[in-house]
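Below: one structure, written as structure tokens.
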Amino acid sequence: MSAGSASPDHNEGRPKGGLFYGWYIVGAVFLSQTVSCGLIFYNLSIFLKAFVTHNGFSVSAVSNATASFFVAGGLAGLGVGWLMDRYDPRIIITFGAICAATALASAGHVRELWQLYAFYILFGIGNAAVAVIPGITLVARWFNRQRARAIAYASTGLSLGGIIFTPISATLIQRIGLGDASYWLALVLILGTVPISWIFLRPSPASMGLTPDGDAPVLGADGQMLAPDGVSFADAVRSRFFIMFTTSYVFSMMAQVGCLAHQFRLVSTRTGDDHIAALAVSVMAAASVTGRLVGGSVLSRVSSKRYLQAVFVLQAVSFTLFAFAEGVTALLIVSAMFGATVGNMQMMQPLIMAEAFGLKAYARILSLAQMITTCANAAGPALIGLLYERAGGYQSAYLLIAVASVIGILTFSAAGPVRAQITASR
């Protein structure tokens with residue numbers, strides 16, 4: 001089914017109460033991402049510890065295998081971006097959910113190193129097809145004026161998933177073992193993403209005879225709705241802004257993902273308590289939710305570039321504090337600080353890409369940026385794991401990723417103004 005093949009229905013766009021259908025898209029993406037990111041992305045730190053504890057792998061072996069999750073997801077994301085412009089996104093999301101659920105169900109059977117890599121590769125492909133690229137691309141298509149708020153609300157599910165599913169996953173694995181727990185987690189992933197997607201998601205406002213934000217349609221000379229404004233894919237990826245902005249995310253997200261993958265084990269190691277470690281991840285995720293909602297409101301009054309620069313600075317400070325934090329209270333406070341950056345950084349990349357380059361080739365531009373970023377992310381968990389084993393602790397590793405965050409700040413500052421890209425292309 002083509003993304004544009006749904007027949008227009010002008011009445012379908014505003015159900016009872018006159019609510020614009022785009023908010024139903026936001027709600028569906030929010031719920032889907034709560035489940036998918038909670039069971040995939042935020043479970044990376046849970047599985048890192050589970051594979052070490054239950055399956056007998058070393059920390060460095062699992063850290064290196066985790067890198068394949070990001071490489072596979074980044075490469076698969078390119079295909080997802082291409083497919084989003086051509087097919088019903090519900091098909092793509094369903095495929096991703098099946099891939100990720102298959103990987104989850106197999107977790108208890110991973111015994112050999114090649115199986116560990118196969119697990120993370122399939123997990124990464126599933127994550128690319130079920131989570132950020134399809135979900136945020138859909139929300140961006142449905143909104144222009146209210147895009148920042150809509151993306152903030154929808155992407156809150158990314159963080160809420162960590163709050164809900166991190167303690168559930170950790171408790172299930174601890175009580176019934178990795179093998180049995182993985183089957184239940186796989187079932188929840190399917191039931192929490194596929195039905196919602198098929199019931200509520202629609203490819204674009206045009207597929208329902210609508211326009212972004214529910215505004216009156218702007219028609220061309222031929223009486224047809226005008227195509228989305230924006231920069232071509234070729235012009236966008238050659239621009240200074242794309243190159244420098246993507247470079248800033250390479251360094252900053254490599255550091256963030258490395259911290260996310262090791263946070264559970266860091267807190268568990270320093271406190272000796274898995275429940276405190278799960279609480280720290282949940283606190284981080286709760287702060288991430290709050291950070292997104294605050295960001296969605298603040299961005300109506302503050303430029304996106306200044307806001308993201310402040311987020312980058314906070315992340316660098318958080319990593320520096322993580323290097324030295326020891327007590328439960330200190331670790332929870334730093335987890336909250338770090339969480340505020342997690343939610344905002346994950347939200348701001350797709351938002352700024354839409355602001356800079358428009359919707360003309362948005363899915364492909366975003367998927368390329370995320371492919372580059374995600375492949376670089378792969379170095380984060382492996383680098384921290386290597387430094388942990390070489391230095392005998394996490395202090396040196398977290399100081400290094402603080403430096404990576406500073407490099408991200410500098411390159412983003414050199415990218416130039418955000419809104420100049422579309423104007424320059426005209």
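Can you figure out the FRET efficiency of Ala391 with Arg175, using R₀ = 30 Å and their beta-carbon distance, to the nearest 0.05?
Rounded to the nearest 0.05, the efficiency is 0.35.
In nm, what is the difference between 0.36 nm times the number of residues separating Arg240 and Leu75 and their Cα-Cα distance?
Length gained between Arg240 and Leu75: 57.1 nm.
Return P(r) of the chain (all Cα-Cα pairs; 20 Å bins starting at 0; whole %; ordered from short to long distances).
Using 20 Å bins, I get a P(r) of 28, 58, 13, 0 for the chain.
In degrees, nearest 10, range 0 to 90: what is the angle between the Cα axis of helix 59-84 and the longest Cα principal axis of the chain?
Long axis of 59-84 versus the principal axis of the chain: about 10 degrees.
Taking a spot 7 Å from the Cα of Asp85 along the direction of its beta carbon, which residues of region 234-262 have an amide N less than 15 Å from it?
234-238
Taking the C-alpha atoms of region 71-215, how large are the radius of gyration and the largest Cα-Cα span, Dmax, in Å?
16.8, 56
In region 261-302, which residues have a backbone nitrogen under 17 Å from the label point lying 7 Å from Glu326's Cα in the Cα-to-Cβ direction?
Under 17 Å, as judged by backbone N against the label point of Glu326, lie 266-273 of region 261-302.
Which FRET efficiency value, to the nearest 0.05, do you get for Asp215 and Glu112 by plugging their Cβ-Cβ distance into 1/(1 + (r/R0)^6) with R0 = 45 Å? Don't jump to the answer; show the numbers that get you there.
Working: r = 56 Å, r/R0 = 1.25.
Rounded to the nearest 0.05, the efficiency is 0.20.
Can you grab the distance from the C-alpha centre of region 297-358 to the C-alpha centre of region 145-178, Å, no decimals?
Using only Cα atoms, the two centres lie 17 Å from each other.
Arg301 to His275: extension gain in nm, 0.36 nm per residue of separation minus the Cα-Cα distance?
Working: separation 26, 0.36 × 26 = 9.36 nm, distance 3.95 nm.
Taking 0.36 nm per residue and subtracting the Cα distance, the gain is 5.4 nm.
Viscosity 1.306 mPa s, temperature 10 °C: Stokes-Einstein D of region 24-108 from its Kirkwood Cα radius, in µm² per second?
The calculation lands on 110 µm²/s.
Note the angle between two axes, namely the Cα long axis of helix 379-391 and the longest principal axis of the Cα atoms of the chain, as a number of degrees from 0 to 90, rounded to the nearest 10.
20
Could you size up the charge dipole of the chain around its Cα centre, putting +1 on the beta carbon of Lys and Arg and -1 on that of Asp and Glu, and report it in debye to the nearest 20?
The calculated dipole for the chain is roughly 620 debye.
Report, in degrees rounded to the nearest 10, the 0 to 90 angle that the Cα long axis of helix 22-39 makes with the longest principal axis of the chain.
20
Which distance in Å, rounded to a whole number, links the C-alpha centroids of region 64-91 and region 109-134?
What the calculation gives is 11 Å, centre to centre.
To the nearest 20 debye, what charge dipole does region 19-165 have about its Cα centre, counting +1 at the Cβ of each Lys and Arg and -1 at the Cβ of each Asp and Glu?
Details: 8 positive and 3 negative charges, 75 e Å.
Result for region 19-165 is approximately 360 debye, rounded to the nearest 20.
Hey, could you get me the Stokes-Einstein D for region 276-426, Kirkwood radius over alpha-carbon pairs, 10 °C and 1.306 mPa s, rounded to whole µm² s⁻¹?
Using the Kirkwood radius from Cα pairs, D works out to 95 µm²/s.
So between Trp23 and Leu399, what do we pick up on full extension, going 0.36 nm a residue minus the alpha carbon distance?
Going from the current span to full extension adds 131.2 nm.
Quick check on region 360-419: what does the Kirkwood estimate of hydrodynamic radius come out to from the alpha carbon pairs, in Å?
Details: mean 1/r = 0.0730 Å⁻¹.
Kirkwood radius, region 360-419: 13.7 Å.
Just so you know, all these numbers are worked out from the coordinates, no wet-lab data involved. What you see is a predicted model; the values in this text were computed from it and never measured. Reconstructed Cβ throughout: ideal geometry from the backbone, glycine too, with neighbour counts over all protein chains shown.
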